[in-house]
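Data first, discussion second: the structure below is written as structure tokens.
The values are calculated or read from the model by the stated rules, or taken from the named source; none is laboratory data. Since the model is a prediction, treat every value here as computed from it, not as a measurement. Neighbour counts are summed over all protein chains in view; Cβ atoms, including those assigned to glycine, are modelled from backbone coordinates with ideal geometry.
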Amino acid sequence: MRQLSLFYEEKRKSESTKFKRQRDESLDFKGIQAGQGIYAIHPYPAMFHFMLVRKFIKEFSKEFDLVFDPFCGSGVSAGECLKLNRNFIGYDINPLAILIAKVRTTPQDIEELTNTLKKILTAKIKNFEIPNFPNIHYWFDEDVIEQLAQLKEAILKIEKESVRDFFKVAFSETVRKVSNADPNEFKLIRRKDGKNKNVKETFRNIAKRNIESILEISGIKSDSKIILERRNILDGISLDDESIDLVITSGFTHIKTLVREISNKRMPSQNSPTNIKGNKDETMKNEYAVILKKH
Ligand SMILES: C[S@@+](CC[C@H](N)C(=O)[O-])C[C@H]1O[C@@H](n2cnc3c(N)ncnc32)[C@H](O)[C@@H]1O
């Protein structure tokens with residue numbers, strides 16, 4: 001009797017833990033840097049490791065499936081879809097995230113970028129607007145503010161939107177680097193020493209590295225459609241029913257996965273996916289409710 005109750009206790013435990021967190025060392029991708037290739041363009045907090053996304057996209061979707069990331073951030077899921085010929089829709093509330101994601105997934109003419117960079121660095125900008133926002137002088141030195149304002153003006157003069165966006169992203173990284181914010185802290189803390197005030201040099205280095213990074217997709221032959229939009233998910237999602245083949249997202253903690261049997265399903269219990277006579281598979285009879293909670 002005791003044996004039997006122990007057996008049921010074990011069975012109950014293993015069932016309740018079945019969908020809890022599972023340690024998988026093969027997903028650590030030790031020694032493979034996450035911020036390489038197009039993902040070296042602009043840092044972004046809690047960025048996906050591209051190898052993880054690549055693995056899931058390959059495993060759970062096929063060419064030209066539609067992948068959806070409602071919190072796409074800097075667009076790692078978008079980048080992998082581009083490289084693996086999947087269509088993609090990504091939303092993010094943060095306009096900088098969408099800008100980075102667009103730049104990371106837009107192939108460029110390298111010569112055009114190199115020539116534009118030269119033009120930006122040699123531009124003689126006389127009319128520029130000095131920005132003003134709370135605490136500007138706490139975060140930036142006076143001469144840095146002026147140099148950044150000039151640089152921004154030179155970038156805004158670029159006619160072609162995709163090229164302008166490319167340099168806007170380099171500008172964004174430059175702003176943080178030449179500010180008084182401590183580069184070793186994710187949160188904003190004023191640095192005590194070691195100021196980096198060379199705006200042009202910093203911008204040049206970042207832009208050059210980004211040009212090298214975008215080379216990864218410069219000759220890409222991809223027919224996938226990548227849609228990136230700034231949106232607050234809480235405003236609702238307007239996607240057609242049954243249009244999404246796979247959702248990949250991050251930023252949430254897995255609470256649990258509950259499995260229920262679909263009692264009112266309107267599908268036959270068996271189908272023939274290969275269309276070979278007599279070759280039948282069971283259709284889905286379980287539904288998985290994945291409960292995620294914001295960090
Ligand atoms: C962990 S980050 C995603 C990082 C992304 N996987 C990457 O590789 O860069 C979570 C994202 O959710 C976005 N976000 C938070 N609340 C949102 C909302 N209500 N609607 C849309 N996006 C939101 C944040 O701006 C952030 O970029």
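Of the residues making up the stretch 78-93, those that are closer than 17 Å to F252 by Cα and either buried (at least 17 other Cβ atoms within 10 Å of the Cβ) or touching a Leu at 6+ places or on another chain (Cβ under 7 Å) (or both) are G90, Y91, D92. Going by the structure shown, is R86 of a type in the set (K, R) and within 13 Å of the ligand (Cβ to nearest atom)? No, not satisfied.
Yes/no per residue for (1) in the same structural domain as K119 (by TED's automatic domain parsing); (2) at pLDDT below 95:
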residue: A170; (1), (2): yes, no
residue: D182; (1), (2): yes, yes
residue: E185; (1), (2): yes, yes
residue: I189; (1), (2): yes, yes
residue: G194; (1), (2): yes, yes
residue: R204; (1), (2): yes, no
residue: S213; (1), (2): yes, no
residue: S224; (1), (2): no, no
residue: L228; (1), (2): no, no
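Taking residues in the stretch 35-56 that are within 25 Å of R176 (Cβ to Cβ) and part of a loop (DSSP other than H, G, I, E, B), and partners anywhere that are of a type outside the set (A, V, I, L, M) and within 9 Å of the ligand (Cβ to nearest atom), the pairs with Cβ atoms closer than 6 Å and at least 6 places apart or on different chains are Y44/G73; Y44/S74; M47/S74; F48/S250.
Restricting attention to the stretch 244-263, the residues that are within 13 Å of I57 (Cβ to Cβ) and assigned to a strand (DSSP E or B) total 2.
Any residue at all in the stretch 93-114 that is over 26 Å from the mean Cα position of the chain (by Cα) and more than 16 Å from the ligand (Cβ to nearest atom)? Yes: the stretch 93-114 contains one or more residues that are over 26 Å from the mean Cα position of the chain (by Cα) and more than 16 Å from the ligand (Cβ to nearest atom). Evaluate the following for S238: is it within 16 Å of the ligand (Cβ to nearest atom), at pLDDT below 85 and outside any strand (DSSP E or B)? Criteria met by S238.
When the criteria are applied in full, Q108 meets the requirement of being among the polar types (S, T, N, Q), out of contact with any Gly (no Cβ under 7 Å at 6 or more places or on another chain) and surrounded by 16 or more Cβ atoms within 10 Å (Cβ to Cβ).
Within the stretch 67-92, the set of residues being closer than 20 Å to S222 by Cα and more than 9 Å from the chain's Cα centre (by Cα) comprises V67, F68, E80, C81, L82, K83, L84, N85, R86, N87, F88, I89.
Among the residues of the stretch 119-140, is there at least one that is within 16 Å of the ligand (Cβ to nearest atom) and basic (K, R)? For the stretch 119-140, residues within 16 Å of the ligand (Cβ to nearest atom) and basic (K, R): absent.
Taking the criterion of being near the ligand (Cβ under 9 Å from one of its atoms) and either crowded, with 23+ Cβ neighbours inside 10 Å or among the β-branched types (V, I, T) (or both), the residues of the stretch 60-77 that qualify are D69, C72, G73, S74, G75, V76, S77. Counting the residues of the stretch 90-125 that are under 19 Å from S74 (Cβ atoms) and polar (S, T, N, Q) gives 4. Looking at I206, is it out of contact with any Leu (no Cβ under 7 Å at 6 or more places or on another chain) and away from the ligand (no atom under 16 Å from the Cβ)? Yes; evaluated as a whole, the condition is true for this residue.
Within the stretch 38-50, the residues that satisfy the criterion of being surrounded by 15 or more Cβ atoms within 10 Å (Cβ to Cβ) and within 12 Å of the ligand (Cβ to nearest atom) are I38, Y39, I41, H42, Y44, M47, F48, H49, F50.
For the stretch 185-223, the tally of residues that are within 24 Å of P45 (Cβ to Cβ) and either assigned to a loop (DSSP other than H, G, I, E, B) or among the polar types (S, T, N, Q) (or both) stands at 14. Within the stretch 79-98, how many residues are in contact with an Asp or Glu (Cβ under 7 Å, 6 or more places away or on another chain) and hydrophobic (A, V, I, L, M, F, W, C)? Total meeting the criteria: 1. Regarding I227, is this residue aliphatic (A, V, I, L, M), in a loop (DSSP other than H, G, I, E, B) and touching a residue at least 12 places away in the same chain (Cβ under 8 Å)? Answer is no for this residue. Any residue that is surrounded by fewer than 20 Cβ atoms within 10 Å (Cβ to Cβ), in a loop (DSSP other than H, G, I, E, B) and touching a residue at least 40 places away in the same chain (Cβ under 8 Å) - is there at least one of those in the stretch 120-138? No, the stretch 120-138 contains no residue that is surrounded by fewer than 20 Cβ atoms within 10 Å (Cβ to Cβ), in a loop (DSSP other than H, G, I, E, B) and touching a residue at least 40 places away in the same chain (Cβ under 8 Å).
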